[in-house]
Amino acid sequence: MRLSRFPLATTKETPADAEVVSHQLLLRAGFIRKLGAGLYTWMPMGLRVLRRIENIVREEMDRAGAAELLMPSIQPAELWQQSGRWNVMGAEMLRIKDRHENDYCYGPTHEEVIVHHAKQDVRSYRQLPFNWYQVQTKFRDERRPRFGLMRAREFLMKDAYSFHMDAASLEDEYQNMRRAYARIFERIGADFRIVQADSGNIGGAKSEEFHILAGSGEDLLAVSTVGSYAANMEAAACPPSGKVRGPATQALEQVSTPGQKTCEQVSKFLNVALTAKVKLLVAKGRQGGLVAIALRGDHELNEVKAAKHPLIASPFEMARIEDVQAAFGCEVGYLGPVKCPVPLIADHAALEIADFVCGANVNDAHFKGANWERDCPIPEGFDLRRICEGDASPDGQGEIRFFRGIEGGHIFQLGRKYTEAMDFTVLDEQGQAVTPEMGCYGIGVSRLAAAVIEQRHDKDGMRWPDAIAPFRVLVCPIGTDKSERVKQAAEQLYQQLVDAGVDALLDDRGLRPGPMFADADLVGIPHRLVIGEKGLNADQYEYKRRGADKADMIPARLEALLERLRT
RNA sequence: CGGGGCGUAGCUCAGCUUGGUAGAGCGCUUGCUUCGGGAGCAAGAGGUCGCAGGUUCAAAUCCUGUCGCCCCGACCA
């Protein structure tokens, strides 16, 4: 490709509304252009990267035995009503009507459609297992689109769905996909981590996420120091520590704590450790009413875990302050488990302390020396808190450290949730109708492009790995208006590269060296060849790998160059 | 959705407080000079100041409404 015929609009200045590096560089390098909130056009240079990633995903999916199909982006409401999700999905699903006033949605995901088609074509156990996938545009009307491609409303996703006669077969395919995903992430040059995940409202049992590690990542990952455990923050388990609660040694004593409402204030005021305090949060109950949650003073509630508790409303919602005050008869700063007027549940860690400090359920007062059992009934213990850095790893090996990650892929074992809801059965060997097990596997293809930039960039621009670079080699002739020799040498080299099957780009725009190199660095093509009078006099090209400290001269022959590309 | 902010040239922004002639830098066009890391000089093109009302002799500026976008919190590839 000749750059003079290829649209490339780069800017020196960083657009004001771009926060993260990938968004800034994608805009500056002219890879994408914004059309609206969370809506982006892929310009030709950017699209080449997207397609490369897409093709790697496709190759690995095919290699793993999945079959590609393509479903419509617009889906009839009936399917979603069958699965029960039409009313569950909420505003993130874009609903539209056609001219007959029939309801449709712009597909945020395709479980319903795939099950529908599986029902049409699959009737026998002999046809299972199978895995169908597509690479397709999704629309999710995010509350807050941000960070450019990272959280766009319309984005490119690879979604795969597998069907099985039993859980063992599903497990096999799940592991198969897990391996395929690992290969994909390796091939695109990403430093990634597989973590245990919460399956969210997609439902199902087992699920893991593939995270690209980056400081700008929106997810917090809890990883053990020995690497034996890794989980998304919201899924990271906090089991009982195994410590036995000590005996009560202090008498229950009400102390005056005027104006001391937060745990930090109380702990300072009474000079006790934050870890020796029990705090109470109040949530809305699943059947209405309120539910109190006891946590250790230094811990935070994990709302995802809380929403799974049978007493607590799902999705999780804090109780209204007025309701709490009405129920407890005091301000929210003085709540405690002793004589708690609403149903009480507790995090494991809160139950492991004795002689603790807690609110007295009276304004401006706390208890010291409070103890479970003696002073209030022991509530049932659950895992309700967010894991902390420094906690023992849930698998008992090492300590927890936090990392930030960008969720690039997610694999689920859905079980029979959708096949059952949509009444998909096949006949087994005995002629009995069986509801298949289902798995689903997603990769945010467009997000991966941004995530790779987050990991691979420097002050000058992007640094693409060969596998997904928009072009592999950039030929930069210097002073073509002056030197016909340089111009012809560059043309000839470019032609040789193309003939040799190398994906080369010739910068024939006739720019001065400064802007030409600046663009080269910004766009991040991995290999750069500079052709100038000086080099030609010595029968040499200048070769530089993007990101290398300096360039070096190589013989002006194609073989020498191809040799360089191989290393 | 709740809270905060911003809409002025293709891009980044000033001007608005205290109403009166539409501004800068980058980019773009032309010419000359320059030419191995975002050149210099000169001449140009380019804006219904988001939109709609209102106040006023006069509105980018003040008021009301509206739309769009960005940022901070609950979700997800």
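Computed from the coordinates by the stated procedures, all read-outs in this text should not be read as laboratory data. In this text the structure is predicted, and so the values were computed from the model without any measurement. Cβ atoms come from the backbone with ideal geometry, glycine included; neighbour counts cover every protein chain shown.
With the contact rule set at Cα under 8 Å and sequence spacing of 6 or more, what percent relative contact order holds for chain A?
Working: 1190 pairs, mean separation 95.8, N = 567.
Relative CO of chain A lands at 17 percent.
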(request) Could you pull the Cα extents of the range A:73-201 along its three principal axes, largest to smallest, in whole Å? (result) 45, 44, 23
(request) Check cross-link reach from A:LYS243 to the aspartates and glutamates: straight Cα distance under 13 Å, and skip same-chain residues fewer than eight apart. (result) A:GLU352
(request) Order the peptides A:241-248, A:68-75 from the highest to the lowest mean number of other Cβ atoms within 10 Å of their residues. (result) A:68-75, A:241-248
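How about the range A:168-245: which GluC sites (Glu not before Pro) there lie in a loop by DSSP and see at most 15 other Cβ atoms within 10 Å? Present the calculation step by step, with values, prior to reporting the outcome.
Working: sites: A:GLU171, A:GLU173, A:GLU186, A:GLU208, A:GLU209, A:GLU218, A:GLU234; in loops: A:GLU218, A:GLU234.
For GluC sites (Glu not before Pro) across the range A:168-245 that sit outside H, G, I, E and B with at most 15 neighbouring Cβ atoms in 10 Å, the list reads A:GLU218.
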(message) Which trypsin sites (Lys or Arg not before Pro) in the range A:9-109 sit in a loop by DSSP (not H, G, I, E or B) and have at most 12 other Cβ atoms within 10 Å of their own Cβ?
(response) A:LYS12, A:ARG99
(request) Scan the range A:503-567 for trypsin sites (Lys or Arg not before Pro) in coil per DSSP, keeping those whose Cβ has at most 12 other Cβ atoms within 10 Å, and list them by number. (result) A:LYS550
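With +1 on each Lys and Arg Cβ and -1 on each Asp and Glu Cβ, and nothing else charged, work out how big the dipole of chain A is about its Cα centre, in Debye to the nearest 20. All intermediate terms of the calculation are to be shown ahead of the outcome.
Values: 72 positive and 79 negative charges, 275 e Å.
So the magnitude is around 1320 debye.
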(message) Please enumerate, by chain and number, the lysines with C-alpha under 24 Å from the C-alpha of A:LYS534, excluding those fewer than 8 residues away in the same chain.
(response) A:LYS482, A:LYS487, A:LYS544, A:LYS550
(request) Would you grab the residues whose amide H sits under 5 Å from the one on A:ARG286? Only those 5+ places off in sequence or on another chain, please, with H modelled 1.01 Å from N. (result) A:ILE312, A:ALA313
(request) Compute the separation of the alpha-carbon centres of the range A:122-167 and the range A:1-34 and state it in Å as a whole number. (result) 29 Å
(request) Return the lysines within reach of A:LYS119: Cα separation strictly under 26 angstrom, same-chain partners fewer than 8 residues apart disregarded; answer none if there are no such residues. (result) A:LYS97, A:LYS138, A:LYS158, A:LYS206, A:LYS417
(request) For A:LEU565 paired with A:ALA433, estimate the spin-label separation in nm (one decimal), with each label point 7 Å from Cα along the Cα-to-Cβ line. (result) 5.9 nm
(request) Take a quick pass over the range A:253-382 and tell me how many lysine pairs come in under 18 angstrom between Cα atoms, counting only ones 8 or more apart or on separate chains. (result) 14
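Find how much the distance from A:LYS243 to A:LYS550 grows on full extension, using 0.36 nm per residue of separation minus their present alpha carbon separation; answer in nm with one decimal.
104.7 nm
Given axes a ≥ b ≥ c from the Cα gyration tensor, I'd like to know whether chain A is rounded (a/c under 1.5), prolate (a/b larger than b/c) or oblate. Numbers along the way, then the final one.
Numbers: a/c = 2.49, a/b = 1.67, b/c = 1.49.
Because a/c hits 1.5 or more and a/b exceeds b/c, chain A counts as prolate.
In deg cm²/dmol, rounded to 500, what helix-only [θ] at 222 nm does chain A give when every DSSP H run of at least 4 residues adds -39500 (n - 2.57) and the total is split over its residues?
Working: 14 runs with 143 residues, N = 567.
Value at 222 nm, helices only: -7500 deg cm²/dmol.
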